Amino acid sequence: MGGKTMRFDTVVIGGGRAGQEAALTRARLGKKVCLVSAGLTLHVLEPGAEGHPYGLLKNLADEGVTVLRGDVVTGGNWDGMLLREVFTANGVDLQADEFVLATGRFFSRGLVADMNGIRESIFGADVDCPEDRSLWFDSDFFAPQPFESFGVKTDGNKRISIGGNFALNVYAAGKILGGKYNAGK
């Protein structure tokens, strides 16, 4: 969309734990990887652990991962069900062979709910949830809430579904998958 264009093998969208693990895994497979992280700080754990604010960032850098901190993907350029590139709010166009969607669910705004339903916020991927809204929640506030397990629909290879068709090169990782947390390694 007119910004600076960068080319990678893999672009990971989301800088949480699952996004970082996906980026590291792909980089260790010899891929040229870019991680787009809306947050300026990446996962914080104990000093010396992979998730330490500088520990994991250093691991990503050591593995050659390009990290775009404080930026978000706003959309993409599709050729049928093949994603060719994504655009960021800071004006960077990222082209890649594969993309990993690791944006989380509701609290990180990977999924959003409004009066029309629940949707994935970047590509409009199909969300696995019942149409009947009364099944989205339990009236007991302290009970586990069904909406907490909603996520994007995927096939056996974790490729996301859009309009009932599976993207050829966009995969889901982590909480955006719904159900039990899956780092998507």
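The values are calculated or read from the model by the stated rules, or taken from the named source; none is laboratory data. Quick caveat: nothing in here was measured; it's all calculated off a predicted structure. Here the Cβ is made from the backbone with ideal geometry for all residues, glycine too, and neighbour counts use every protein chain on show.
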Selection within the stretch 140-156 - assigned to a loop (DSSP other than H, G, I, E, B), under 20 Å from residue 122 (Cα atoms) and out of contact with any Asp or Glu (no Cβ under 6 Å at 6 or more places or on another chain) | 150, 155
Could you look through the stretch 70-115, keep only residues that are modelled with pLDDT under 90 and not small (Gly, Ala, Ser), and pick out the one that is farthest from residue 177 (Cα to Cα)?
-> 115
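Quick check on the stretch 9-20. Is at least one of its residues surrounded by 15 or more Cβ atoms within 10 Å (Cβ to Cβ), modelled with pLDDT of 95 or more and over 12 Å from the mean Cα position of the chain (by Cα)?
Of the stretch 9-20, the ones surrounded by 15 or more Cβ atoms within 10 Å (Cβ to Cβ) are 9-20.
Filter once more, keeping what is modelled with pLDDT of 95 or more: 9-13.
Now narrow it down to the ones that are over 12 Å from the mean Cα position of the chain (by Cα): 9-10.
Yes, the stretch 9-20 contains a residue that is surrounded by 15 or more Cβ atoms within 10 Å (Cβ to Cβ), modelled with pLDDT of 95 or more and over 12 Å from the mean Cα position of the chain (by Cα).
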Just need a number here: residues in the stretch 112-136 that are farther than 14 Å from residue 154 by Cβ and part of a strand (DSSP E or B).
-> 6
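Would you please name the residue that is surrounded by the most Cβ atoms within 10 Å (Cβ to Cβ), looking only at residues in the stretch 78-121 that are within 12 Å of the chain's Cα centre (by Cα) and hydrophobic (A, V, I, L, M, F, W, C)?
Here is the first cut: in the stretch 78-121, the residues within 12 Å of the chain's Cα centre (by Cα) are 99-105, 108-111, 120-121.
Filter once more, so that each one left must be hydrophobic (A, V, I, L, M, F, W, C): 99-102, 111.
Details: 99: 27, 100: 29, 101: 33, 102: 31, 111: 24.
Filtering the stretch 78-121 for residues that are within 12 Å of the chain's Cα centre (by Cα) and hydrophobic (A, V, I, L, M, F, W, C), the one surrounded by the most Cβ atoms within 10 Å (Cβ to Cβ) comes out as 101.
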Top-ranked residue in the stretch 149-162 [being of a type in the set (D, E, K, R) and surrounded by 15 or more Cβ atoms within 10 Å (Cβ to Cβ); ranked as nearest to residue 82 (Cα to Cα)] | 159
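Touching a residue at least 24 places away in the same chain (Cβ under 8 Å), out of contact with any Ser or Thr (no Cβ under 9 Å at 6 or more places or on another chain) and β-branched (Val, Ile, Thr), is that true of residue 127?
Values: touching a residue at least 24 places away in the same chain (Cβ under 8 Å): yes; out of contact with any Ser or Thr (no Cβ under 9 Å at 6 or more places or on another chain): yes; β-branched (Val, Ile, Thr): yes.
It is true that residue 127 is touching a residue at least 24 places away in the same chain (Cβ under 8 Å), out of contact with any Ser or Thr (no Cβ under 9 Å at 6 or more places or on another chain) and β-branched (Val, Ile, Thr).
Find the residue count for the stretch 66-97, including only residues that are touching a Gly at 6+ places or on another chain (Cβ under 8 Å) and not aromatic (Phe, Trp, Tyr).
Within the stretch 66-97, the first condition is being touching a Gly at 6+ places or on another chain (Cβ under 8 Å), and the residues that meet it are 67, 69-70, 83-88, 90-93.
From what's left, not aromatic (Phe, Trp, Tyr): 67, 69-70, 83-86, 88, 90-93.
The total comes to 12.
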What number of residues within the stretch 123-138 are touching a Lys or Arg at 6+ places or on another chain (Cβ under 9 Å) and surrounded by fewer than 17 Cβ atoms within 10 Å (Cβ to Cβ)?
-> 1
